[in-house]
Amino acid sequence: PYLLLVHGPNLNRLGVRKPETYGSQTLADVVQMVRDTAASYGYGVVDKQSNHEGELIDFLQSHGPNAHGIIINPGAFGHYSYALRDCLEDIDRPTIEVHISNVHRREAFRHHLVLSDVVRGQVVGLGTEGYRYATLALCQPRP
Ligand code: DQA
């Protein structure tokens with residue numbers, strides 16, 4: 001059994017881009033942390049980062065239906081990609097959306113999150129540690 005860990009545009013720059021906003025951990029650090037956390041519950045992780053909307057959708061369509069759950073940081077696509085939203089609705093797997101920064105404290109265009117009604121929950125503003133909480137939310141048996 002595996003989780004999908006999906007990252008949208010510009011997140012390949014994690015650790016380099018605006019460290020005051022996104023922290024100093026790299027994408028590789030985040031992937032490793034999720035891998036280690038998921039492994040302790042017996043789950044593997046299949047991960048993908050892309051700067052291209054269609055590539056993310058292709059990946060989700062291929063690997064999503066058999067995933068135990070999905071962790072996605074859609075980057076800026078989270079604010080306007082109805083295509084990604086429809087894809088997640090179609091796949092219909094438990095999904096946790098992560099935003100490293102607290103998007104609600106930032107520019108107005110970041111306040112709207114179009115995946116909200118198709119995800120199980122969101123972790124926003126807790127830094128890269130948010131991915132750990134998202135992993136636990138999917139791996140731990142639900143009360
Ligand atoms: C982000 C927030 C988005 O608004 C931004 O476009 C990103 C990163 C976050 O993790 O805080 O690329 O998703």
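Each value in this text was obtained by applying a stated rule to the coordinates, not by laboratory testing. Since the structure is predicted, the reported quantities are computational estimates derived from the model, not experimental observations. Every residue, glycine among them, receives a Cβ derived from its backbone with ideal geometry; neighbour counts consider all protein chains shown.
With respect to Pro143, determine if the residue is farther than 22 Å from Leu14 by Cβ, part of a loop (DSSP other than H, G, I, E, B), touching a Lys or Arg at 6+ places or on another chain (Cβ under 9 Å) and not hydroxyl-bearing (Ser, Thr, Tyr). Criteria not met by Pro143. Regarding segment 103-113, can at least one residue be identified that is within 12 Å of the ligand (Cβ to nearest atom), surrounded by 15 or more Cβ atoms within 10 Å (Cβ to Cβ) and not in a loop (DSSP other than H, G, I, E, B)? Yes, some residue in segment 103-113 is within 12 Å of the ligand (Cβ to nearest atom), surrounded by 15 or more Cβ atoms within 10 Å (Cβ to Cβ) and not in a loop (DSSP other than H, G, I, E, B). On inspection, Val98 passes the criterion of being within 15 Å of the ligand (Cβ to nearest atom), free of Cβ contacts under 8 Å to residues at least 60 places away in the same chain and within 12 Å of the chain's Cα centre (by Cα).
Restricting the first member to segment 54-66 and to residues that are at positive phi, and the second to residues that are surrounded by 20 or more Cβ atoms within 10 Å (Cβ to Cβ) and of a type in the set (Ser, Thr, Tyr), no beta-carbon pair is closer than 8 Å while six or more apart or on different chains. For Ile71, indicate whether it is part of a strand (DSSP E or B) and more than 10 Å from the ligand (Cβ to nearest atom). So Ile71 passes the test. Looking across segment 3-24, the residues that are surrounded by 12 or more Cβ atoms within 10 Å (Cβ to Cβ), part of a helix (DSSP H, G or I) and of a type outside the set (Ser, Thr, Tyr) come down to Leu11, Asn12, Arg13.
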